[in-house]
1. Might you work out the accessible area of T211 for me, using a 1.4 Å probe with all protein chains in place, and round it to the nearest 10 Å²?
2. Semi-axes of the equivalent ellipsoid for the stretch 143-212, please: Cα gyration tensor eigenvalues, times 5, square-rooted, ordered largest first, whole Å.
3. Within the stretch 179-212, list the residues whose amide N lies under 16 Å from a label point set 7 Å along Cα→Cβ of L62.
4. Efficiency by 1/(1 + (r/R0)^6): what FRET value for E182 and K126, r their Cβ-Cβ distance, R0 = 35 Å, to the nearest 0.05?
5. With respect to the cross-link table entries K144/K206; K132/K203; K144/K197; K35/K197; K59/K192, which display a Cα-Cα separation exceeding 32 Å?
6. In debye to the nearest 20, how big a dipole does the stretch 166-212 give about its Cα centre with +1 on each Lys and Arg Cβ and -1 on each Asp and Glu Cβ?
7. Once the dipole of the chain is set up with Lys and Arg at +1 and Asp and Glu at -1 on Cβ about the Cα centre, which of F39, Y111, T211 lies farthest towards its positive end?
8. Output the 0 to 90 degree angle, nearest 10, between the alpha-carbon long axis of helix 33-42 and the longest principal axis computed from the alpha carbons of the chain.
Amino acid sequence: MLKHSLLILIFSISFTISAQKGFQKELDSVTTVEKAQRFINSIDGRKNKIITFNEEKHKTKLTEELLKLSNGGHKVVKKEGENIHYKILEKNEIIYYRVSYIMLDGKEFSYSSIEKLRPQIIKKHKLGVSFKDLAMQYSMDKNKTRGGDSGWFTYGEMLPEFEQQVMNENHQTDDIFTVDVESNQWYYVVKKTHDKKSITEIKVLKVVESTR
């Protein structure tokens, strides 16, 4: 009986080790985002996903550790009953921008009234009123609660008309300018608050492996 139980235990351990080696071999073969998506589709588990980590937007210990890895790098976080695998699929340096803005909605105000208001806002700022306070007072965008701060954004994340002006190399830090987005009837007063910045961004495959 004892011998039989020991054989079952040995078989169970051997099977687990074999399964883990097979899983690791499959994971090693995943080298691109496309392969990662196919890998996710081939296995069960809603926890498995592709995640983008950004060194400015994600200030966690895990992000810090993953950013130290190169393409193809692999980190395992062991928890009770599971191993969480993180594999670096892509690592890029991306140019990001950051401004503060006040948005005035042309559906709420006439264009002529907006054209009168924007110079008044700019004048108040030049006379010493902080842009943050002006944004909280005038902006009709939800970011007014952040004092108009856009946060870091990159190409393709904002409206094209907005990006064209904000990413214009002629604008220096602390410059104030206006932007019209006619398609949406949104009209802006924008302050360039930061120089453009190269930020490291990684695409990571997260896979949860059961160890039970």
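1. My reading of the accessible area for T211 is about 60 Å².
2. Details: eigenvalues 223, 48, 33 Å².
Taking √(5λ) for each Cα gyration eigenvalue gives 33, 15, 13 Å.
3. Answer for the stretch 179-212: 202-210.
4. On the way: r = 27 Å, r/R0 = 0.76.
Efficiency for this residue pair is about 0.85.
5. Values: K144/K206 35 Å; K132/K203 34 Å; K144/K197 23 Å; K35/K197 30 Å; K59/K192 24 Å.
Going by Cα-Cα distance, K144/K206; K132/K203 fall outside the 32 Å limit.
6. I would put it at about 440 debye.
7. T211
8. 50
The values are calculated or read from the model by the stated rules, or taken from the named source; none is laboratory data. This structure is a prediction, so every number in the text was calculated from the model and none was measured. Because the Cβ atoms are built from the backbone with ideal geometry, glycine has one as well, and the counts that use them run over all protein chains shown. In case anyone asks, the SASA skips ligands and DNA or RNA and just uses the protein heavy atoms, side chains included. Shrake-Rupley method; radii C 1.70, N 1.55, O 1.52, S 1.80 Å.
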